[in-house]
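The values are calculated or read from the model by the stated rules, or taken from the named source; none is laboratory data. Quick caveat: nothing in here was measured; it's all calculated off a predicted structure. Please note: Cβ atoms are built from the backbone with ideal geometry, for glycine as well, and neighbour counts cover all protein chains shown.
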Amino acid sequence: MCIQEIADNQPLGNLPMRVKLEIMKAGKKLHEGAYDIDDSASFGKACADVWVKIRGQCDAKATSIGALMDSMHESVIDELNGAEIRLIRI
């Protein structure tokens, strides 16, 4: 989860927005998490967090060393193919 401290001297226009990020595919929730987003870097960190968590889920499904090696390279893209990203302000 990305956590960002808000400096007291930071301009109000740059305050992070707290959002719930959901990844849905075929009606199934692949991921849900809350993040502070205020620029492309913080959005990228939130997406990287999702990538790591989904990769872990894919690795956990691997039943052999060969399947694990395949999952390291392609399973996250396969899992996210056709998925929807939802951002909900909280």
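Quick rundown of the values:
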quantity	calculated
In segment 47-62, residue surrounded by the fewest Cβ atoms within 10 Å (Cβ to Cβ) [restricted to those that are under 17 Å from Ile37 (Cα atoms) and out of contact with any strand residue (DSSP E or B) (no Cβ under 9 Å at 6 or more places or on another chain)]	Ala48
Yes/no for Ile3 being modelled with pLDDT under 85 and more than 17 Å from the chain's Cα centre (by Cα)	no
Test: residue in segment 36-54 that is assigned to a strand (DSSP E or B) and either at pLDDT 90 or above or more than 22 Å from Gly82 (Cα to Cα) (or both)	yes
Boolean, Ile88 is in contact with a Leu (Cβ under 9 Å, 6 or more places away or on another chain), loosely packed, with under 12 Cβ neighbours inside 10 Å and at pLDDT 85 or above	yes
Residue match in segment 73-82 (condition: modelled with pLDDT of 85 or more and not in a helix (DSSP H, G or I))	yes
